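The values are calculated or read from the model by the stated rules, or taken from the named source; none is laboratory data. Note that the coordinates shown come from a computational prediction; the quantities given were computed from them, not determined experimentally. Quick reminder, even Gly has a Cβ in these numbers, built from the backbone with ideal geometry, and neighbours come from all protein chains shown. We work out accessible area using only protein heavy atoms, side chains counted, and drop any ligands, DNA or RNA first. Shrake-Rupley method; radii C 1.70, N 1.55, O 1.52, S 1.80 Å.
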Amino acid sequence: MDFEGIIPDWFKSIVEVGNTLLWGDFLIGLLILAGLYFSISSRFVQFRWFREMFRVLKEKAESLPDGSKGISPFKAFTISAASRVGTGNIAGVATAIVLGGPGAVFWMWVIAFFGAATAFFESTLAQVFKVKDREGGFRGGPAYYMEKGLDQRWLGIFFAILITVTFGFVFNGLQSNTIAHAYEEAFNIDRWVIGVIIAAFTALVIFGGAKWVANVTGYIVPVMAVIYLAVVLVILIINYDQIIPMISTIFANAFGIREAFGGAVGAAILNGFQRGLFSNEAGMGSAPNAAAAAAVSHPVKQGLIQSLGVFFDTMVVCTATAIIILMYTDLEYGADAIQGIQVTQAAMTSQIGSFGATFIAIVILLFAYSSILGNFFYGQSNLNYIKENKGVLFTFKALVVIMVFIGAVMDLETAWATADMFMALMAVTNLVAVFALSSIVFQVAADYRSQLKQGINPVFQTNNIKADLSDVDEWGENRYSYRENDTAE
């Protein structure tokens with residue numbers, strides 16, 4: 001069955017124009033400016049407090065006043081890592097290299113290094129302005145700090161709509177597209193068949209309340225992430241003599257010393273930034289929604305955890321995948337070459353035999369499907385921020401299921417291009433708010449540093465900083481049960 005014409009040409013034209021406007025000098029410049037500003041103004045918090053990130057990672061979950069345990073820093077890290085490690089690390093890296101050459105990987109590193117500072121700022125803000133949910137936990141994110149921090153609810157609503165459309169529809173379409181291409185490559189199954197199956201399982205969870213599907217996926221994904229990384233590590237160990245040459249290739253192509261094809265420097269920067277942002281999400285405004293849910297004694301702790309997550313996602317997982325792809329001797333470059341998940345499957349097949357394509361198909365199914373469910377809950381949470389309405393929520397669920405099917409049968413280029421445009425819109429909106437609220441992060445970080453110097457485990461109180469946080473009520477005297485003499489190790 002031919003579904004290639006399911007996306008109208010006028011929509012593709014809008015996406016093309018939107019990406020040209022957003023991903024020209026404007027957004028790349030904004031991302032660099034944001035990364036430099038947040039890095040320099042914080043005295044490179046992502047480097048200076050790198051050791052502190054691991055100390056915080058070992059802390060136990062905070063006890064809430066009702067006696068229950070909140071989400072521990074380590075669990076928050078694994079949750080964010082599981083959500084980050086997926087399509088971007090496996091298919092996105094391949095697309096970046098094919099379209100931008102090996103040098104794209106270097107620019108992914110650049111956006112990750114500076115993005116780690118941006119992630120610190122946005123996730124710290126998400127913690128400061130979080131609110132209590134009906135289940136006794138917390139929720140928050142850019143929409144909340146736009147309303148409570150900037151007193152601009154209209155901007156919060158705009159961002160909530162943007163993230164709902166981006167994650168509920170666009171990113172879910174890209175996830176199902178990646179799964180469909182993987183199974184078409186591995187088993188020669190028509191993509192529309194895979195689209196129907198994925199859409200059915202998605203409907204089973206969001207309409208049928210089949211939480212067991214989501215729970216099973218949630219348990220399996222971290223295990224599969226470990227297995228994937230283990231397989232990649234073994235391949236790198238076996239081919240240890242190629243690691244240095246591959247890294248040299250990355251640097252050489254990044255600066256045009258040895259280009260993969262004409263105009264590769266510009267293509268490397270663009271694709272490195274695009275795929276890097278999609279993979280680690282730093283500055284996009286999505287990770288703060290998850291960061292706000294963690295129960296920590298000080299907002300900075302979750303900022304550090306999310307900053308570490310950016311490093312892990314790009315510097316470790318993306319780099320490992322990139323090296324394996326660059327070891328693939330039949331790798332081709334340019335817009336006419338094979339892109340996405342099929343490139344990674346071919347590279348893995350060249351290393352471990354015919355099972356390589358099947359292995360990647362299994363891995364991406366679990367990663368991408370869990371992302372579909374996570375993306376839905378992102379959208380649902382932000383819809384509830386605007387207004388809780390059963391009719392609107394039902395319509396949203398139906399559209400999510402439809403988009404999962406449409407995504408599976410879209411052509412690869414349109415799927416990625418649409419994702420690029422919407423995540424660019426999210427990043428611009430979110431970064432404007434983070435810039436405006438950065439002074440609060442400076443004060444909160446100073447409070448954290450001051451308590452560390454006193455040898456105590458930092459605990460946040462709103463009256464410890466000068467900023468007006470009178471609208472924040474989740475950090476009172478008895479917010480967490482803790483001992484005054486708790487000391488930092």
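Assorted remarks:
- 5 angstrom amide H check on F138, placed H, neighbours 5+ away: D133
- Cα lying deepest toward the dipole's positive end in the chain, options P142, N457, F312, charges on Cβ: N457
- In plain terms, the chain from A335 to N384 could stretch by 13.6 nm, reckoned as 0.36 nm per residue minus the Cα-Cα distance.
- For the chain, the mean residue ellipticity at 222 nm estimated from helices alone is -23000 deg cm²/dmol, where every DSSP H run of n ≥ 4 contributes -39500 (n - 2.57) and the total is divided by all residues, rounded to the nearest 500.
- Phi to ³J(HN,Hα) by Karplus 6.51 cos²θ - 1.76 cosθ + 1.60 over the range 237-254, Hz, x for Gly, Pro: 5, 4, 9, 4, 6, 9, 5, 4, x, 5, 5, 4, 4, 4, 5, 4, 6, 5
- Extension gain from Y240 to R153, taking 0.36 nm per residue of separation minus the Cα-Cα distance: 26.0 nm
- Each peptide among 317-326, 188-197 gets the average number of other Cβ atoms lying within 10 Å of its residues, and from highest to lowest they stand as 317-326, 188-197.
- Calculated SAXS-style log₁₀ I(q)/I(0) at q = 0.26 Å⁻¹ - the range 6-48, Debye, Cα scatterers: -0.83
- Packing around the peptides 165-178, 333-346, taken as the average count of other Cβ atoms within 10 Å per residue, puts them in this order, highest first: 165-178, 333-346.
- Amide hydrogen proximity for I189: with H placed 1.01 Å from N in the peptide plane, the residues at 5 or more positions away or on another chain lying under 5 Å are E184.
- Rounded to the nearest 20, the Cβ-based charge dipole of the chain about its Cα centre (Lys and Arg +1, Asp and Glu -1) stands at 1320 debye.
- Extending 7 Å from the Cα toward the beta-carbon at both L36 and F255 defines two label points whose distance is 1.8 nm.
- Residues in the chain average 40 Å² of solvent-accessible surface per residue, probe 1.4 Å, ligands and nucleic acids excluded.
- Cubic angstrom per residue, convex hull over Cα atoms of the range 138-177: 57 Å³
- With the charge dipole of the chain set up from +1 on Lys and Arg Cβ and -1 on Asp and Glu Cβ about the Cα centre, the Cα lying farthest toward the positive end among the listed residues A287, V444, G100 is that of V444.
- Potential lengthening between F50 and R134 on full extension [0.36 nm per residue; Cα-Cα distance subtracted]: 26.8 nm
- Most tightly packed first, judged by the mean number of other beta-carbon atoms within 10 Å of their residues, the peptides 273-280, 41-48, 12-19 read 273-280, 41-48, 12-19.
- Less than 5 angstrom separates the built amide H of I456 from those of A488, all sequence-distant by 5 or more or on a different chain.
- Between the residues T395, G24, P245, the greatest Cα displacement towards the positive end of the dipole of the chain, with unit charges on the Cβ of Lys, Arg, Asp and Glu, is found for T395.
- Backbone phi angles across the range 35-48, fed through the Karplus curve with coefficients 6.51, -1.76 and 1.60 (θ = phi - 60°), yield HN-Hα couplings of x, 5, 4, 5, 6, 5, 5, 9, 6, 6, 4, 5, 9, 5 Hz in residue order; Gly and Pro are listed as x.
- Here the calculated FRET efficiency for L393 and A200, from their Cβ-Cβ distance with R0 = 22 Å, stands at 0.65, rounded to the nearest 0.05.
- Exceeding the 20 Å Cα-Cα cut-off - candidates K301/K453; K58/K301; K75/K301; K75/K466; K130/K387: K75/K466
- Legend: residues D313, D9, sorted from most to least accessible area (1.4 Å probe; ligands, DNA and RNA excluded), read D9, D313.
- For the range 465-472, 3J(HN,Hα) per residue [Karplus equation, 6.51 cos²θ - 1.76 cosθ + 1.60, θ = phi - 60°, Hz, x = Gly/Pro]: 10, 7, 4, 7, 10, 5, 8, 9
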